[in-house]
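J.: Could you have a look at this structure, given as structure tokens, before my questions?
The values are calculated or read from the model by the stated rules, or taken from the named source; none is laboratory data. Everything numeric here is computed off the predicted structure, so don't read it as measured data. Methodologically, a virtual Cβ is constructed for each residue, glycine included, from the backbone with ideal geometry; neighbour enumeration extends over all protein chains shown.
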Amino acid sequence: MLSGVFPIVPTPFAADGSPVERDLERVVDYIVRAGADGLVFPGVASEFDTLKPAERTRLAEVVARANGGRIPLVIGVSSTDGPSSLGFAAQAKQLGAAAVMAMNPAAMKDDPARIEAFYRDVADAAGAPVILQNAPPPLGSALTMAAVARLVETVPGVEYVKEETMPCGQRISQLLALKPRGLKGVFGGAGGRYITDELARGAAGTMPACELTELHAKQFMLHRVGDAAGVRRLFNRMLPLLNFQAVFRMAMTKAVLARRGVIESTFVRAAGPRLDAGDERELDAMLAELADILPARAG
């Protein structure tokens, strides 16, 4: 059973945009030592859609080696086309992944038969449980909960769901109420911004960005001992940073990881806003407010 905090591993790049394997290894080690229950690579927060196929397969090897089997590794196999996803799923099997996470290509969104065949093929290629990632466009298809439930019931191997289509909490409740046979758990995403609602509705875990892994791990520790008030208090402390992350996404993740001594360069390949001098000051202020619970240096 997969449950708990499974951060998405970002892809560190040098100032020239090339991947930095040494920093990737350090990110993995940080996530493990910070108390995560597992880790995921690559995901949307890894900028997977900017990686060339050779980069992606090489970096997956780096992540698996750096993890060394310490915690469960989920390999993301999503792509814009089915054959590429099957190749990534086959590699995941070779790397001993505990599971693979897949979004069906967005071009399939109006063809249920093709979507079902896609997940069947991924499960066969991976030889491991499949986490169906249900995300909104443009990358995802925002499948209905009835459609997700049918896939869980009809496709052997699809055992988990990562629900990221808004409103996530309501959709998690809808899926769990349908009780599809074979469903082992539903994960939340969206950077951990809705974790209190998701956990209250029965989510098995969360897959946030990784720069606050210690705090996400502490949240889940409190959840496991039934301290819902403690989860909420910690969430409220984190909320300014979570809101900031919703805007700047990978740029914020890398800015925090650099400040905490995990990576060197904050280069981001993906499109999106970048921090200016005012944003940098605001980020420093928010991190200073968490100094009593989040070490300035990771590890």
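J.: Restricted to segment 31-46, and to residues that are touching a residue at least 60 places away in the same chain (Cβ under 8 Å) and closer than 13 Å to Val268 by Cα, which residue is surrounded by the most Cβ atoms within 10 Å (Cβ to Cβ)?
T.: My answer is Ala45.
J.: So Asn67 ticks every box in (1) in contact (Cβ under 8 Å) with a residue 40 or more places away in the chain; (2) closer than 30 Å to Val225 by Cα; (3) of a type outside the set (Lys, Arg) but one. Which box is left unticked?
T.: It is condition (1) that Asn67 fails.
J.: Can you tell me which residue is farthest from the chain's Cα centre (by Cα) among those in segment 2-45 that are of a type in the set (A, V, I, L, M, F, W, C) and part of a loop (DSSP other than H, G, I, E, B)?
T.: Ala15
J.: If His216 satisfies every condition in (1) surrounded by 20 or more Cβ atoms within 10 Å (Cβ to Cβ); (2) in a loop (DSSP other than H, G, I, E, B) but one, which is the exception?
T.: (2)
J.: Within segment 1-28, count every residue that is closer than 27 Å to Phe187 by Cβ and at pLDDT 95 or above.
T.: So the answer is 19.
J.: Are any of the residues in segment 200-211 assigned to a helix (DSSP H, G or I) and in contact with a helix residue (DSSP H, G or I) (Cβ under 9 Å, 6 or more places away or on another chain)?
T.: yes
J.: Turning to a different aspect of this structure: Restricting to segment 45-62, count the residues that are closer than 23 Å to Phe248 by Cβ and small (Gly, Ala, Ser).
T.: 2
J.: Next question, about the same structure. Identify, please: which residue in segment 85-125 is touching a helix residue (DSSP H, G or I) at 6+ places or on another chain (Cβ under 9 Å), within 17 Å of Val63 (Cα to Cα) and among the small types (Gly, Ala, Ser) and is, among those, surrounded by the fewest Cβ atoms within 10 Å (Cβ to Cβ)?
T.: The selected residue is Gly96.
J.: Can you tell me which residue is nearest to Glu21 (Cα to Cα) among those in segment 254-299 that are β-branched (Val, Ile, Thr) and in a loop (DSSP other than H, G, I, E, B)?
T.: Ile263
J.: In the set Val28, Val20, which member is buried (at least 22 other Cβ atoms within 10 Å of the Cβ) and over 22 Å from Gly87 (Cα atoms)?
T.: Answer to the check: Val28.
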